[in-house]
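J.: Sharing a structure here in structure tokens format.
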Amino acid sequence: MPFHRRKGWEIAESRVTAEAVFMDRRQALALGAGLAGGLLAPGVAMAASKVQTDALHPYARNGAYEAGREITRESVSSEYNNFYEYGTTKSVAAAARQLVTRPWLLTIDGMVEQPRQIGIDDLIMAMPREERIYRFRCVEAWSMVVPWSGFPLRALLDMAKPLGGARYVRFETFHDPKMAPGQRAPFYPWPYIEAVTIEEAAHDLAFMVTGAYGKPLANQFGAPLRLALPWKYGFKSIKSIVRMTLTDKRPKGLWEAIQPAEYGFWANVNPQVAHPRWSQASENVLGTNERIPTQMFNGYGEQVAGIYTGLTGEKLWM
Ligand code: MTE
């Protein structure tokens, strides 16, 4: 007989406010102690602080965002990840358990009215939360469909209040080689960086993710805060974000920095433009034996193509 067993992260909604207040106090103390870099060392009260916004899941699904394909089984998508901080294979879930996601501060700085730091739980509480089903297309020609929970990036931009001259939004992942063995590999210019234009960031489809499959985000998906840009190749969807910076200079992402002949700033999905080493015409659907044709802008062209009109001379597809 089916029955509901309360999971570790589920608490009564009535407890949420009290724990947010508690977390605020912890973060104020930690900041006062001068811990730098946006990511704070784990503390003794971690278990208590962990649950406060986890209990808000599942978020209400926004039916305007449907994928038109079956959702990829969680057992598949959560065991096939790219998260180089935890290794260069797809099997990083076990290693990613080392990632400590509370306390977690997001720094908002650069060309904004008021630079600030905000704790992840306060941020989640302040944002308009919803679930969206998105297609996801990796540059390596595999794809999946995931129900992400989160909030529009535009809502975060509104909170940040960009100054008039800001043109790009740059995101940065944590940098802590003690917590992420992959960051001890000197070949990569850590931390992971990605960026979009302010127009792309303000687009309806640009989504900040704090959960998946109706639950808090599993570490290997990039907990506690990642980006989802479904019309772009997956490497643009940066994980475990600690900093968002508004700037007037085009930032260089980690992959563009390493391999500019293969990976660029725009990385919009286009089946007609091959990667230098493989075709992008079709994709392998994770969890199936299917190989299906890849769609322009991953099928989101109607919504996003307008952003790119007039951008002649830009390499929009790499
Ligand atoms: N973000 C960070 N910080 N580190 C990474 O290695 N990999 C990128 C992107 N974001 C990556 C990252 C790549 S190449 C892809 S395809 C997606 O995350 C994979 O997301 P998934 O593991 O949820 O499928």
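The values are calculated or read from the model by the stated rules, or taken from the named source; none is laboratory data. If you're wondering where the values come from, they're calculated on a predicted model, not measured in any experiment. Ideal geometry is used to build each Cβ from the backbone, glycine not excepted, and the neighbour counts take in all protein chains shown. Ligands, DNA and RNA are stripped out before the accessible areas are found, and what is left, the full protein with its side chains, is counted by its heavy atoms. Shrake-Rupley method; radii C 1.70, N 1.55, O 1.52, S 1.80 Å.
J.: Residue by residue, what Karplus-based ³J(HN,Hα) values in Hz, rounded to whole numbers, does the range 109-126 have, using 6.51, -1.76 and 1.60 with θ = phi - 60° and x for Gly and Pro?
T.: Result, ordered by residue: 8, x, 7, 10, 4, 9, x, 7, 10, 9, x, 4, 6, 5, 5, 4, 4, 7 Hz.
J.: Right, something else. So what's Rg/Rh here for the range 240-318, counting alpha carbon atoms and using the Kirkwood radius for Rh?
T.: Taking Rg over the Kirkwood Rh, I get 1.01.
J.: In addition: Can you give me the Kirkwood hydrodynamic radius for the range 16-308, using every pair of distinct Cα atoms, in Å to one decimal? Don't skip to the answer; put the middle values down first.
T.: On the way: mean 1/r = 0.0514 Å⁻¹.
One over the average 1/r among Cα pairs gives 19.4 Å for the range 16-308.
J.: Residue by residue through the range 178-189, which ³J(HN,Hα) values in whole Hz follow from phi under the Karplus form 6.51 cos²θ - 1.76 cosθ + 1.60 (θ = phi - 60°), with glycine and proline marked x?
T.: 5, 8, 9, x, x, 6, 8, 6, x, 4, 8, x
J.: Moving on to the next point. May I ask you to give the percent of accessible area on the range 16-308 that is carbon plus sulfur, with a probe radius of 1.4 Å?
T.: 54
J.: Take the cross-link list K90/K178; K90/K236; K90/K215; K90/K239; K90/K232; K178/K249 and give me the ones stretching past 23 Å between alpha-carbons.
T.: On the way: K90/K178 21 Å; K90/K236 17 Å; K90/K215 21 Å; K90/K239 15 Å; K90/K232 20 Å; K178/K249 31 Å.
Long pairs (Cα-Cα over 23 Å): K178/K249.
J.: Applying a 10 Å radius around every beta-carbon, put 280-286, 228-234, 301-307 in order of their mean neighbour count, most first.
T.: Taking the mean over residues of other Cβ atoms within 10 Å, the ranking is 228-234, 280-286, 301-307.
J.: Is the C-alpha gyration tensor of the range 65-118 telling us rounded, prolate or oblate? Criteria: a/c under 1.5 is rounded; beyond that, a/b larger than b/c is prolate, otherwise oblate. Numbers along the way, then the final one.
T.: Working: a/c = 2.82, a/b = 1.52, b/c = 1.86.
Oblate.
J.: May I have the convex hull volume per residue, in Å³, for the Cα set of the range 209-286?
T.: 130
J.: For the range 74-222, report the accessible area per residue in Å² (1.4 Å probe, heavy atoms, rounded to an integer).
T.: Spelled out: the 1.4 Å probe surface of the range 74-222, per residue, equals 34 Å².
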